[in-house]
Amino acid sequence: MTITRLSETKKGRFAIFADGEFLFSVHKDIFLGRPELALGKKLPVEVLEEIRQEDEAWSCKEKALTLLEYASQSSGRLAEKLRQHYPPEVVEATVERLAGLGLLDDLDYGRRLAADLIHLRKYSLGGVRQALYQRRLDREIIDQVMEELEDTDQVGPILDLIQKKYRSKLQAPQGRQKVAAALQRRGYAWEDIRTALDRFAEDGEDEYDERDD
């Protein structure tokens, strides 16, 4: 095929025309790195397809970096988003490359996310596991993160939730049962819930009022 026209688009890409028909557009850096893209040049279809695929890989990488700049991502979640725009094989190669460069680290991501959920949002361990799963982390990563959290105190966060969210509900009829059910729905274990409720009742509300002052 013969290159018959080259034109820069409004987005700064270069449109490639061969034999009078539009083929595709490429990023400026791809265009500058391909001297064979010149008017009058005859190129095999295989070479043109190679250039198109190179641009597609470049575009996928740039999209991935933009997503990572906006917010941390797991490999699985990033791939899920990229597959909305690019072929699976291009996405897989991009994710592997970024992981190899240290820009994706699922274990570190899982650890940081778990810590934030527990300490800032008062998630139960069960809730943390579910959140990690929803972030498309591999089961092996999730299991390792959860194993490291086995000894994490859950009674303290439950006491904080009781004081800030459920304290008034304890005064209602069957309040203890209703609060316990609400905490179980959050993923907390019954033994930890019972310990926290007993401690809250034994220590009295005055102690927790003082903690809030």
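The values are calculated or read from the model by the stated rules, or taken from the named source; none is laboratory data. Note that the structure is a prediction, hence the values are computed from the model and not measured. Ideal geometry is used to build each Cβ from the backbone, glycine not excepted, and the neighbour counts take in all protein chains shown. What goes into the accessible areas is simple: the full protein's heavy atoms, side chains included, and nothing from ligands, DNA or RNA. Shrake-Rupley method; radii C 1.70, N 1.55, O 1.52, S 1.80 Å.
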Checked segment 184-200 for anything under 20 Å from Gln130 (Cβ atoms), touching a residue at least 40 places away in the same chain (Cβ under 8 Å) and of a type outside the set (D, E, K, R); matches are Gly187, Tyr188, Ala189
Out of (1) assigned to a helix (DSSP H, G or I); (2) surrounded by 14 or more Cβ atoms within 10 Å (Cβ to Cβ), the one Asp116 does not meet is (2)
Subset tally (residues that are outside any strand (DSSP E or B), closer than 19 Å to Ser59 by Cα and either hydrophobic (A, V, I, L, M, F, W, C) or in contact with a strand residue (DSSP E or B) (Cβ under 9 Å, 6 or more places away or on another chain) (or both)) for segment 1-48: 12
Any chance Gly110 is at pLDDT 90 or above, over 25 Å from Leu197 (Cα atoms) and surrounded by fewer than 16 Cβ atoms within 10 Å (Cβ to Cβ): no
Let me spell it out: the conditions are (1) outside any helix (DSSP H, G or I); (2) more than 24 Å from Gln184 (Cβ to Cβ); (3) of a type outside the set (Lys, Arg), and Tyr123 meets all of them except one. Which number is the exception? (2)
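Residues checked against (1) of a type outside the set (Val, Ile, Thr); (2) open to solvent by 40 Å² or more (accessible area, probe 1.4 Å); (3) modelled with pLDDT under 95:
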site: Ile51; (1), (2), (3): no, no, yes
site: Glu54; (1), (2), (3): yes, yes, yes
site: Lys61; (1), (2), (3): yes, no, yes
site: Glu69; (1), (2), (3): yes, yes, yes
site: Ser72; (1), (2), (3): yes, yes, yes
site: Arg77; (1), (2), (3): yes, yes, yes
site: Glu89; (1), (2), (3): yes, yes, yes
site: Asp105; (1), (2), (3): yes, yes, yes
Counting only residues in segment 136-149 that are open to solvent by less than 40 Å² (accessible area, probe 1.4 Å) and assigned to a loop (DSSP other than H, G, I, E, B), the one nearest to Leu65 (Cα to Cα) is identified as Leu137
Give just the number: which of (1) part of a helix (DSSP H, G or I); (2) more than 30 Å from Leu37 (Cα to Cα) does Gln73 not satisfy? (1)
Which one is modelled with the lowest pLDDT among residues in segment 150-175 that are of a type in the set (Lys, Arg) and open to solvent by 90 Å² or more (accessible area, probe 1.4 Å)? Lys165
Please find, among Tyr133, Tyr188, the residue that is open to solvent by less than 90 Å² (accessible area, probe 1.4 Å) and either closer than 22 Å to Lys81 by Cβ or not in a helix (DSSP H, G or I) (or both). Tyr188
